[in-house]
Amino acid sequence: MELVLRRDLAPALTAFIFLISTLFLTVSSRAADRNPEAHEHGVGVMNIAIQGNDLEIELELPAENVVGFEHEDLTAAEKKSVQEAAAKLKKTANVIVLPKNAACELEKVEIESALLDDHDDHGKSKQHDNHGDHSEFTAHYHFECAKTGQLSYLDISLFKHFPSTHKLRVQYITSKGQGAANATQKLSRIKFN
């Protein structure tokens, strides 16, 4: 019975996630239009959406924050650093800590970066064109939470594991409303409305 209910909710959840992604991309795009230097070293962006029992988190960080460089022509040692950083980002405890009483289980993690792509003989990415000297890491986390009512905050542990990140611009939307906050090493708890 629960499986049928979840299938019935799948189109609504997909529409909700699309709506949230569109909202975040619109806000980010407008901010980039106002600020051509939107790619800021030391600063990342985290988008959070809570719908029903689903928790979606998207994290964008300049590669400089994660591995200390952004160029795509990598040495063997740099390739190893990129792989290690991606593995570190896959461990959610290195990024966020959720309240235990919300009973959230990680369902899916995706880490993307032009630095992770396979390169052809000319050093250009097969999947991405080189957009200047700026590369980023994007992480997407999907959790299933048994008690989203208990999910009133999350703690950001990213600053301990990626010390070149000094600030995260956080945007969130929940059934209670939407909001935004800046998180830092000293102010790392994000409380939802």
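Note on the stretch 71-92: among residues that are assigned to a loop (DSSP other than H, G, I, E, B) and over 16 Å from LEU158 (Cα atoms), the one that is most open to solvent (accessible area, probe 1.4 Å) is ASP73.
Across the stretch 128-146, the qualifying residues are those that are in a loop (DSSP other than H, G, I, E, B) and modelled with pLDDT under 95, and the one among them that is most open to solvent (accessible area, probe 1.4 Å) is HIS131. Would you pick out the residues in the stretch 147-169 that are surrounded by 14 or more Cβ atoms within 10 Å (Cβ to Cβ) and within 17 Å of LEU89 (Cβ to Cβ)? LEU154, ILE156, SER157, LEU158, PHE159, HIS161, PHE162, SER164, THR165, LEU168 - these are the residues of the stretch 147-169 that are surrounded by 14 or more Cβ atoms within 10 Å (Cβ to Cβ) and within 17 Å of LEU89 (Cβ to Cβ). Can you name every residue in the stretch 93-103 that is in contact with a strand residue (DSSP E or B) (Cβ under 9 Å, 6 or more places away or on another chain), under 15 Å from LEU61 (Cβ atoms) and surrounded by fewer than 20 Cβ atoms within 10 Å (Cβ to Cβ)? None - no residue of the stretch 93-103 is in contact with a strand residue (DSSP E or B) (Cβ under 9 Å, 6 or more places away or on another chain), under 15 Å from LEU61 (Cβ atoms) and surrounded by fewer than 20 Cβ atoms within 10 Å (Cβ to Cβ), so the list stays empty.
The values are calculated or read from the model by the stated rules, or taken from the named source; none is laboratory data. Here the structure is a predicted model, which means the values were calculated and not measured. Every residue, glycine as well, gets a Cβ built from its backbone with ideal geometry; the counts of neighbours run over all protein chains shown. Heads up: the accessible areas ignore ligands, DNA and RNA and are worked out on the full protein's heavy atoms, side chains in. Shrake-Rupley method; radii C 1.70, N 1.55, O 1.52, S 1.80 Å.
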